[in-house]
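Data first, discussion second: the structure below is written as structure tokens.
The values are calculated or read from the model by the stated rules, or taken from the named source; none is laboratory data. From a predicted model like this one, the values you see are computed outputs, not experimental measurements. All Cβ positions, even for glycine, are placed from backbone atoms using ideal geometry, and neighbour counts span all protein chains on display.
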């Protein structure tokens, strides 16, 4: 039987907000909750229903991981399309139980080879690397080669994020050292990074949101390859902040390839709507 490799990722990557033509790239939803309301099917609905609900509620939003049953169904769906292998790229297991759910579901599906990677990734860089993996899977039938390329790209990527309103972050964040920011939290803005081992960690604090935006840009410019890379800027409604960052980056590095992405519901549930992230992948 001819080897046919599929790439699977989850909705934390916001892959549904990025235009691509890869028919071997699939997504599983990570459910988001506000009270008794559940938000899924982001590929069809995008983030708008969740974001609108979040704007008008005082309830604490929550996220979960895909159920074992949902992952089994997704694996079976991919198998039914003639694929012989799945490489599942979920967000970091330090941020979600999706990786573990993927492993459990893997043992319950026969007739297809499934590799579940602990990517140490999340957000738009996960989407960018998943797309690259899907492109490579069109050219090679070597699963290990694709996995090694995913690892190489992860080691050459990064993600930085800041928030203007820390309320959601303090109440329901995924920030490893968020307690540092409890004192006078309304007066400071954290600069957060996705660490190499897959944690979201505050690395700096600044006094104004504009300084935080500049700090994000400076951190990316320190790391990014100006001629062979992809920069992704993600936000919700704060498009002026996105344009501000984009102008800074292109003024200092005119050859940068920059794409605009949605900040997924899985992120805004923890960071709030008034947040922005910048990721980069050096090829």
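Inside the stretch 265-283, can you point out the residues that are outside any strand (DSSP E or B) and in contact with a strand residue (DSSP E or B) (Cβ under 8 Å, 6 or more places away or on another chain)? The answer is 265, 266, 267, 268, 269, 270, 271, 272, 274, 283. When the stretch 48-76 is filtered for residues that are under 15 Å from residue 168 (Cα atoms) and touching a helix residue (DSSP H, G or I) at 6+ places or on another chain (Cβ under 6 Å), the ones remaining, listed by number, are 50, 60, 61, 63.
Table: residues versus (1) in a helix (DSSP H, G or I); (2) surrounded by 23 or more Cβ atoms within 10 Å (Cβ to Cβ); (3) without any contact (Cβ under 8 Å) to a residue 12 or more places away in the chain.
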{"site": "19", "(1), (2), (3)": "no, no, yes"}
{"site": "38", "(1), (2), (3)": "no, no, yes"}
{"site": "52", "(1), (2), (3)": "yes, no, yes"}
{"site": "75", "(1), (2), (3)": "yes, yes, no"}
{"site": "79", "(1), (2), (3)": "yes, no, no"}
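When each of 105, 70, 6 is tested for being surrounded by 24 or more Cβ atoms within 10 Å (Cβ to Cβ) and not in a strand (DSSP E or B), the lone residue that passes is 105.
Can residue 255 be described as touching a helix residue (DSSP H, G or I) at 6+ places or on another chain (Cβ under 7 Å) and either surrounded by fewer than 19 Cβ atoms within 10 Å (Cβ to Cβ) or under 23 Å from residue 91 (Cβ atoms) (or both)? No, not satisfied.
Scanning for something at pLDDT below 95 and farther than 16 Å from residue 270 by Cα, does the stretch 170-182 turn up at least one residue?
yes
Listed here are the residues, each with its yes/no results for (1) farther than 19 Å from residue 279 by Cβ; (2) touching a strand residue (DSSP E or B) at 6+ places or on another chain (Cβ under 7 Å).
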residue: 69; (1), (2): yes, no
residue: 78; (1), (2): yes, yes
residue: 107; (1), (2): yes, no
residue: 113; (1), (2): yes, yes
residue: 120; (1), (2): no, no
residue: 128; (1), (2): no, yes
residue: 133; (1), (2): no, yes
